[in-house]
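These notes are about the structure you will find just below.
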Amino acid sequence: EPRYELTTGLSSLIGISNIYLAKNSFDYFGDSSILNPFVNTWSLGVALQFYLIVPILFYFTIGFRGKRAKKILIFIISLLVILSLYLFVFFYSEKFAFTYFMLPTRFWEIGIGILSYFIFIKKYLFKNQNLDDFLSPAIFSGICFIIIYLNNNPVLATLSTVVLTGFLLVFLDDLSEFGKIFSLLTLRHIGKLSYHIYLWNGGILSISRHTIGIHWWSIPIQVILIYFFSRISYFYTTNRI
């Protein structure tokens, strides 16, 4: 309904569209969400709430705990990741909307990113080029396998993909032959725009479904619009390309 779409958009302006969508039990993969041009903004809500909480955690650990600060911070993040992952697995079937949209059940994914960074910094001191060259393509192949063949088990697929992506960030070396592929200008360009593409594709495709529909002849137009608006939003919110 239009009122749900409008309310989703308005709530996204203050970073709580994920809470609104969870409260109204929206199914991200259902028809109501497909027709809602603002449904992708749920991730903005999760990100905003995450970045309001975690800097406080950093401040009260690194700011006041001296040399042991990093160890304390890693321990706390690890504990929160385990708790969040437990909630994700436990509630996924019974409370899907809550599990999909809310920070407590999404924290573990971003938390693994933080832990990957700490592992990367530690690993950099003990770099093993041969190991990196072997593990990077192996991990990437594993991610592709999961995406293609484990879509019937979303919990396992999500967990495996996030963990393997964390390892890929740790072991991927820009100087290796495999790493050079990801360093190509085209891929780097798409990588910079990727989150903006994610946000705009939902809105543009939703509006298309409301109007002209999605057809073979409309897809090039929709792709161009998604790219165009992604560049504009990146330019004004992040950095110049």
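Please report, largest first and rounded to whole Å, the three semi-axes of the ellipsoid equivalent to the range 34-120, where each semi-axis is the square root of five times an eigenvalue of the C-alpha gyration tensor. Could you put the intermediate results ahead of the total?
Working: eigenvalues 155, 45, 20 Å².
So the equivalent ellipsoid measures 28, 15, 10 Å along its semi-axes.
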Column: log10 I(q)/I(0), Debye, Cα scatterers of the range 131-196, q = 0.16, 0.17, 0.23, 0.26 Å⁻¹: -0.61, -0.68, -1.03, -1.11
What's the angle, to the nearest 10 degrees (0 to 90), between helix 107-124's Cα axis and the longest principal axis of the chain? 40 degrees
For the range 169-239, with equal point scatterers placed on the C-alpha atoms only and solvent neglected, what are the log10 I(q)/I(0) values from the Debye formula at q = 0.23, 0.25 1/Å, to two decimals? -0.96, -1.03
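Would you mind getting me the FRET efficiency between ILE147 and PHE60? Use the beta-carbon distance for r and R0 = 30 Å, nearest 0.05. It would help to have the intermediate numbers written out before the result.
Numbers: r = 38 Å, r/R0 = 1.27.
The value I calculate is 0.20.
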Compare ASP173, ASP31, ASP133 by solvent-accessible area with a 1.4 Å probe and give them largest first, with all protein chains kept in place. ASP31, ASP133, ASP173
Going by alpha carbons, how many degrees (0 to 90, nearest 10) lie between the helix axis of 2-12 and the longest principal axis of the chain? 30 degrees
If I model a spin label at SER32 and SER218 as a point 7 Å from the Cα along the Cα→Cβ vector, what separation in nanometres do I get? 2.3 nm
Once the Cα atoms of helix 219-237 and of the chain are each reduced to a long axis, what angle between those two axes, in degrees from 0 to 90 to the nearest 10, is obtained? 60 degrees
Over all alpha-carbon pairs in the chain, figure out the percentage whose distance exceeds 27 Å. 47 percent
Which of SER78, PRO2, SER32 sits farthest toward the positive end of the charge dipole of the chain, with +1 on the Cβ of Lys and Arg and -1 on the Cβ of Asp and Glu? SER78
Label-point separation (nm) for PHE235 and LYS23, each offset 7 Å from Cα along Cα-to-Cβ? 3.7 nm
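Calculate the FRET efficiency for ILE190 and ALA69 from the Cβ-Cβ distance with a Förster distance of 45 Å, rounded to the nearest 0.05. Display every interim value, and only then the final one.
On the way: r = 37 Å, r/R0 = 0.81.
My answer for the efficiency is 0.80.
Helix-derived [θ] at 222 nm for the chain: sum -39500 (n - 2.57) over DSSP H runs of at least 4, divide by residue count, nearest 500? Display every interim value, and only then the final one.
On the way: 12 runs with 180 residues, N = 241.
Calculated mean residue ellipticity at 222 nm is -24500 deg cm²/dmol.
Which whole-number percent is the relative contact order of the chain (Cα, under 8 Å, 6+ apart)? Numbers along the way, then the final one.
Working: 232 pairs, mean separation 44.9, N = 241.
Across the chain, relative contact order equals 19 percent.
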So, with points 7 Å from each Cα along the Cβ direction, the LEU13-PHE120 label distance in nm works out to 3.6 nm
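How much of the accessible area of the chain, probe 1.4 Å, is carbon plus sulfur, in whole percent? All intermediate terms of the calculation are to be shown ahead of the outcome.
Details: 10760 of 15170 Å².
Summing carbon and sulfur atoms, their accessible area is 71 percent of the total for the chain.
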With a 10 Å radius around each residue's Cβ, average the other Cβ atoms per peptide and rank 157-165, 184-192, highest first. 157-165, 184-192
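The values are calculated or read from the model by the stated rules, or taken from the named source; none is laboratory data. None of the values given here were measured: they were computed from a predicted structure. All Cβ positions, glycine included, derive from the backbone under ideal geometry; neighbour counts span all protein chains shown. All accessible areas refer to the heavy atoms of the entire protein, side chains included, with ligands and DNA or RNA removed. Shrake-Rupley method; radii C 1.70, N 1.55, O 1.52, S 1.80 Å.
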